[in-house]
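Worksheet for the structure shown next.
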Amino acid sequence: MPDITALTETTYYILLSLYTPRHGYGIMQRAAELSGGRVKLAAGTLYGALNAMTAKGWIVLLSGESDSRKKEYRLTPTGLAVLKAELHRLQELVASGELILKEEL
């Protein structure tokens with residue numbers, strides 16, 4: 001697993017949304033859907049995050065029609081490893097919380 005710091009909720013849901021290739025608006029919709037409406041991405045936030053994730057090698061821009069305004073992105077193997085590492089980290093957090101708070105739950 002890659003050694004990464006905790007992902008923001010926004011980054012996590014963008015990566016999760018890109019398990020299937022999507023364009024920007026599709027990512028916004030899927031992130032909102034997966035998060036139960038908690039993550040509402042503005043275009044500037046989304047494209048800034050996409051640029052950062054592309055620079056880290058977590059996602060790639062798919063080649064498409066050069067005149068198309070819709071740019072589609074997909075996870076790379078590194079991005080999938082980052083996503084899996086974050087899921088594992090979150091599972092550990094939940095397990096620890098449940099262990100300590102088991103009588104409260």
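Taken over the stretch 7-16, the criterion of being exposed (fewer than 15 other Cβ atoms within 10 Å of the Cβ) and β-branched (Val, Ile, Thr) is satisfied by Thr8 alone. Residues that are in contact (Cβ under 8 Å) with a residue 40 or more places away in the chain and buried (at least 18 other Cβ atoms within 10 Å of the Cβ) were ranked within the stretch 17-55; the one that is farthest from Leu75 (Cα to Cα) is Ile27.
Of the residues making up the stretch 62-80, those that are closer than 16 Å to Gly26 by Cα and either acidic (Asp, Glu) or at pLDDT 95 or above (or both) number 4.
Considering Leu90, Leu83, the condition of being at negative phi and in contact with a strand residue (DSSP E or B) (Cβ under 9 Å, 6 or more places away or on another chain) is satisfied by Leu83 alone.
The values are calculated or read from the model by the stated rules, or taken from the named source; none is laboratory data. All figures in this text were calculated on a predicted structure; none of them were measured in a lab. All Cβ positions, even for glycine, are placed from backbone atoms using ideal geometry, and neighbour counts span all protein chains on display.
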